[in-house]
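The values are calculated or read from the model by the stated rules, or taken from the named source; none is laboratory data. In this text the structure is predicted, and so the values were computed from the model without any measurement. Neighbour counts are summed over all protein chains in view; Cβ atoms, including those assigned to glycine, are modelled from backbone coordinates with ideal geometry. Calculation scope for accessible area: heavy atoms of the full protein, side chains included, ligands and nucleic acids excluded. Shrake-Rupley method; radii C 1.70, N 1.55, O 1.52, S 1.80 Å.
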Amino acid sequence: MRQIVIAGNWKMNKTINESIEFAKELKNSNIQNDKIVIICAPYTSIFPMALELKDTDIKMSAQNVHYAENGTFTGEISAQMLVNAKAEYVIIGHSERRKNFGETDEIINKKIKTTLKYGLKPIICIGEVLEQRELGITTNVLKTQITEDLKDIPEQDMKNIIIAYEPIWAISTGDGAGKTATPKDANDACGFIRGIIKELYNIDVANNIQILYGGSVNPSNAKELFSMEHVDGGLVGGASMDFDSFIKVINFEG
Ligand code: PGA
């Protein structure tokens, strides 16, 4: 049985004080069942939140990392710095980074390798744009992304990797206008990705890897999406920023 993962992606939102307030609410809340809850916070909030949450099972994540171990990369952050700030996970290859910052699968692959070397767990995002879906090439796009992102990643590292299927047309722009994939679409894509993992590795790796759905997850659709066979939880943007809606997503209270 794969454990359900609920990861909140705050993107470029929340100051340190706001993040600590949220952490306090989370600490006092009742998280039902055995779920892995991760907050993907802005860099500045990771360490203070980790301190606030130190006696809980809630994990901290960054939203990006550089592939170099250190050096002349003004404004960037390294895997070692994130581990030192008590991040356990890092989102890699989010579509906003692929689109706005020119991240290619080659760069993403390098980031994954450095991340794993330092014991950080990558949450790798893949997904198609609307035009690709309409052309019927979603599976080709997903196959190319996952194959290139995981190039030369050894089997023993796969237990530390989470994949998030985020159809780009379903990601909300923050104004609540996003569309959600149907549970069947989400399940079909996550099942397809699991099949590729089986081809690239083996059945055990495929059965154990957690594959999340992301794109306008909210309290009213979380339960149905996360009950699908191949959907092991969600990467939640907009609905993770408000404590009440995030706790409802976590506890499937629509
Ligand atoms: P959304 O964002 O839930 O606001 O659509 C998801 C994401 O971008 O990870």
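Is it the case that region 86-95 has a residue that's part of a helix (DSSP H, G or I) and closer than 28 Å to ILE247 by Cβ? Scanning region 86-95 turns up at least one residue that is part of a helix (DSSP H, G or I) and closer than 28 Å to ILE247 by Cβ.
Show me the helices (runs of 4 or more DSSP H) found entirely inside region 160-228 where at least 3 residues are surrounded by fewer than 17 Cβ atoms within 10 Å (Cβ to Cβ).
Values: elements: 183-200, 203-208, 222-226.
Answer list for region 160-228: 183-200, 203-208.
Take LEU53 and decide whether it is buried (at least 18 other Cβ atoms within 10 Å of the Cβ) and more than 19 Å from the chain's Cα centre (by Cα). Yes.
So, of the residues in region 234-254 that are in a helix (DSSP H, G or I) and among the aromatic types (Phe, Trp, Tyr), which turns out to be most open to solvent (accessible area, probe 1.4 Å)? For region 234-254, the residue satisfying everything is PHE243. Scanning region 214-254 for residues that are more than 12 Å from the ligand (Cβ to nearest atom), touching a residue at least 24 places away in the same chain (Cβ under 8 Å) and within 16 Å of ALA23 (Cα to Cα) gives PHE243, ILE247, LYS248, ILE250. Taken over region 147-159, residues that are assigned to a helix (DSSP H, G or I) and free of Cβ contacts under 8 Å to residues at least 24 places away in the same chain amount to 1. Within region 108-134, the set of residues being crowded, with 18+ Cβ neighbours inside 10 Å and of a type in the set (A, V, I, L, M) comprises ILE108, ILE112, LEU116, LEU120, ILE123, ILE124, ILE126.
Within region 181-210, being modelled with pLDDT of 95 or more and of a type in the set (S, T, N, Q) holds for ASN187, ASN202, ASN207, ASN208, GLN210.
Given the criterion closer than 27 Å to THR56 by Cβ, surrounded by fewer than 16 Cβ atoms within 10 Å (Cβ to Cβ) and away from the ligand (no atom under 16 Å from the Cβ), identify the matching residue among ASN84, ASN140.
Working: ASN140 fails: closer than 27 Å to THR56 by Cβ.
Just a single option satisfies the conditions, and that option is ASN84.
Say we look at region 1-34 and pick out the residues that are of a type in the set (D, E, K, R) and surrounded by fewer than 17 Cβ atoms within 10 Å (Cβ to Cβ); which of these is modelled with the lowest pLDDT? Selected residue: ASP34. For first residues located in region 60-73 and open to solvent by less than 10 Å² (accessible area, probe 1.4 Å) and modelled with pLDDT of 95 or more, partners that are in a strand (DSSP E or B) and not hydrophobic (A, V, I, L, M, F, W, C) and lie 6+ apart or on another chain with Cβ distances below 8 Å form the pairs MET60/TYR89; SER61/TYR89; ALA62/TYR89.
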